[in-house]
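Student: The structure is given below, and queries will be raised subsequently.
The values are calculated or read from the model by the stated rules, or taken from the named source; none is laboratory data. Note that the structure is a prediction, hence the values are computed from the model and not measured. We place every Cβ from the backbone using ideal geometry, glycine too, and count neighbours over all the protein chains shown.
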Amino acid sequence: MRLNFLSHGIKIRTAIWTLATVALAFVVPAAWARDCFVYFGTFTDASSHGIYVSRLDMDTGNVSSPELAAATDSPNYLAISPDGHFLFAVTRLAGNHSGSLASYSIDGKTGALRRLDIKPSGAGPCYVGDDAADHCLLTANYAGGSVKSFHLNPDGTFTDGTVIQHSGSSVNASRQAGPHPHCFVPAPGGRFALACDLGLDKVMVYKVNPADAALTPNNPPFAKIAPGSGPRHIAFSPDGKTACVISEMACTVTVFDWDGKRGKLTQRQSLSLLPPGQYKDWFTAAEIAYRPDGRFVYATVRGHNSISVLAVKRRKLSLIQNLPCGGDFPRGMGIDPSGRWLLVGNQKSKTVTVFGINARTGMLTPTGQVLDAGISVDVKFAPIAE
């Protein structure tokens with residue numbers, strides 16, 4: 001009897017623990033209300049005019065019709081400050097490679113944007129990263145082959161930090177004849193910044209001085225990716241111990257252990273984002289993100305026009321789902337703070353599609369919502385002021 005009772009008690013405790021784990025995985029941070037703003041970065045043309053904003057009901061997944069929040073030239077990548085007060089965007093002038101970094105204040109009630117500052121970034125900027133301490137902005141200049149830091153002031157303006165020009169090439173003569181930084185992100189803890197360079201097949205590591213955002217190469221200065229892969233974006237796990245690098249040309253994800261004290265990446269795993277036999281050389285992987293609880297990773301693949309879902313176990317990944325993205329050429333995506341909804345910006349079809357995330361399995365189901373938000377190429381979330 002005692003053994004049966006204990007066994008029954010263990011089962012009850014296990015069930016309670018499982019339910020609690022699932023529930024806790026989707027607790028929304030206190031700063032976020034039931035609704036939140038969703039901002040869409042775009043490429044601009046006659047029908048697409050800048051940064052758009054919607055409201056997401058995090059209970060139902062309903063997204064309001066996007067409205068223009070700020071007219072500007074091709075704000076192709078966005079970042080939101082940790083406090084939700086500022087939005088940052090890298091912009092490009094139509095017809096040439098010159099580009100800038102702009103900052104905006106966010107109206108916490110309406111979502112409207114007011115520009116605060118703008119400064120040159122470099123040729124062809126395609127990424128802006130904002131560190132959690134809110135003292136440093138980082139831009140990657142794809143066309144110019146450089147990265148640049150800026151020191152962020154409390155009022156949302158910023159000053160120039162350091163420009164570092166990358167050099168070298170890799171094995172693909174048409175796409176890797178020179179450097180092409182595609183993202184520049186702060187590492188957890190604020191001491192380092194990492195740049196994925198598609199042209200070099202390297203992830204560069206820099207030390208960051210929080211006082212003035214100055215950059216210096218780390219030792220070791222980089223981690224290598226398999227030749228011809230074309231590393232594009234990087235996502236850190238919520239605990240800061242793992243970094244996943246998505247490679248555009250190879251349609252793979254490479255998993256690294258991250259040593260936050262030394263600034264060192266150690267490769268653990270590499271795997272395809274596509275089901276066996278479905279890779280084509282015109283498919284190009286784009287965005288990667290962890291669900292907020294760290295149990296699943298999501299990635300977009302253009303050409304194949306799909307989203308891949310990967311389960312995390314013992315800091316390794318396994319592909320558990322690959323499904324159509326609901327549009328053409330899925331570039332950017334975002335997962336809301338509750339971890340229940342995933343939005344994908346489809347560049348060529350000029351749509352945003354919405355998916356529900358299963359709380360237990362991590363798998364995606366289309367909600368049927370298709371939004372018109374210009375030539376959408378990035379998705380970011382911001383809290384609404386109560």
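Student: Tell me which residues, restricted to the range 69-85, are assigned to a strand (DSSP E or B), buried (at least 18 other Cβ atoms within 10 Å of the Cβ) and touching a Gly at 6+ places or on another chain (Cβ under 9 Å). Before the answer, list the steps.
Tutor: Initial filter on the range 69-85 (assigned to a strand (DSSP E or B)): 69-71, 77-80.
If we keep only those that are buried (at least 18 other Cβ atoms within 10 Å of the Cβ) as well, we get 69-70, 77-80.
Those that are assigned to a strand (DSSP E or B), buried (at least 18 other Cβ atoms within 10 Å of the Cβ) and touching a Gly at 6+ places or on another chain (Cβ under 9 Å): Ala69, Ala70, Tyr77, Leu78, Ala79.
Student: Please identify the pairs in which a residue from the range 325-343 that is more than 13 Å from Val63 (Cβ to Cβ) has its Cβ atom under 6 Å from the Cβ atom of a residue that is among the hydrophobic types (A, V, I, L, M, F, W, C) and in a loop (DSSP other than H, G, I, E, B), counting only partners at least 6 apart or on another chain.
Tutor: Hits for this filter: Pro337/Val28; Pro337/Trp32; Ser338/Phe26; Ser338/Val28; Ser338/Met58; Gly339/Phe26.
Student: Right, Ser167: at pLDDT 95 or above and farther than 30 Å from Thr367 by Cβ or not?
Tutor: On the way: at pLDDT 95 or above: yes; farther than 30 Å from Thr367 by Cβ: yes.
Yes.
Student: Would you mention how many residues in the range 93-113 are part of a strand (DSSP E or B) and in contact (Cβ under 8 Å) with a residue 40 or more places away in the chain?
Tutor: Restricting attention to the range 93-113, the residues satisfying the condition of being part of a strand (DSSP E or B) are 98-106, 113.
From the residues that got through so far, the ones that are in contact (Cβ under 8 Å) with a residue 40 or more places away in the chain too are 99, 101, 103-106, 113.
Within the range 93-113, residues that are part of a strand (DSSP E or B) and in contact (Cβ under 8 Å) with a residue 40 or more places away in the chain number 7.
Student: If I ask for residues that are surrounded by 20 or more Cβ atoms within 10 Å (Cβ to Cβ), under 19 Å from Arg360 (Cβ atoms) and either more than 19 Å from the chain's Cα centre (by Cα) or of a type in the set (Val, Ile, Thr) (or both), which ones from the range 298-331 would you list?
Tutor: Ile307, Val309, Val312
Student: Here is a further query. Would you check which residues across the range 193-215 are surrounded by fewer than 21 Cβ atoms within 10 Å (Cβ to Cβ) and part of a strand (DSSP E or B) and list them? Break it down stepwise before answering.
Tutor: Going residue by residue through the range 193-215, those that are surrounded by fewer than 21 Cβ atoms within 10 Å (Cβ to Cβ) are 207, 209-212, 214.
Passing the criteria: only Lys207.
Student: Okay, next question. Would you mention how many residues in the range 261-297 are among the hydrophobic types (A, V, I, L, M, F, W, C) and surrounded by fewer than 22 Cβ atoms within 10 Å (Cβ to Cβ)? Talk me through it step by step, then tell me what you get.
Tutor: Within the range 261-297, the subset among the hydrophobic types (A, V, I, L, M, F, W, C) is 265, 271, 273-274, 282-283, 285-286, 288-289, 296-297.
Going one step further and asking which of them are surrounded by fewer than 22 Cβ atoms within 10 Å (Cβ to Cβ), we end up with 271, 274, 282-283, 289.
Residues meeting the conditions: 5.
Student: Would you check which residues across the range 195-210 are more than 16 Å from Ser167 (Cα to Cα) and either in contact (Cβ under 8 Å) with a residue 40 or more places away in the chain or hydroxyl-bearing (Ser, Thr, Tyr) (or both) and list them? Step through it out loud before you land on a result.
Tutor: At the first step, the residues of the range 195-210 found to be more than 16 Å from Ser167 (Cα to Cα) are 207-210.
Hits for the range 195-210 are Lys207, Val208, Pro210.
Student: From the list Ser103, Ser98, which residue is at pLDDT below 95 and closer than 22 Å to Phe184 by Cβ? Don't jump to the end; show me each part of the working.
Tutor: Numbers: Ser103 fails: at pLDDT below 95.
Of Ser103, Ser98, the one residue that is at pLDDT below 95 and closer than 22 Å to Phe184 by Cβ is Ser98.
Here is a yes/no grid of residues against (1) outside any strand (DSSP E or B); (2) of a type outside the set (Gly, Ala, Ser):
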residue: Ala132; (1), (2): yes, no
residue: Thr139; (1), (2): no, yes
residue: Ala143; (1), (2): yes, no
residue: Ser149; (1), (2): no, no
residue: Gly156; (1), (2): yes, no
residue: Val163; (1), (2): no, yes
residue: Gly168; (1), (2): yes, no
residue: Ala173; (1), (2): yes, no
residue: Gly178; (1), (2): yes, no
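Student: Filter the range 141-188 for residues that are touching an Asp or Glu at 6+ places or on another chain (Cβ under 6 Å) and surrounded by fewer than 20 Cβ atoms within 10 Å (Cβ to Cβ); which is farthest from Asp212 (Cα to Cα)?
Tutor: Only one residue fits best here, namely Thr157.
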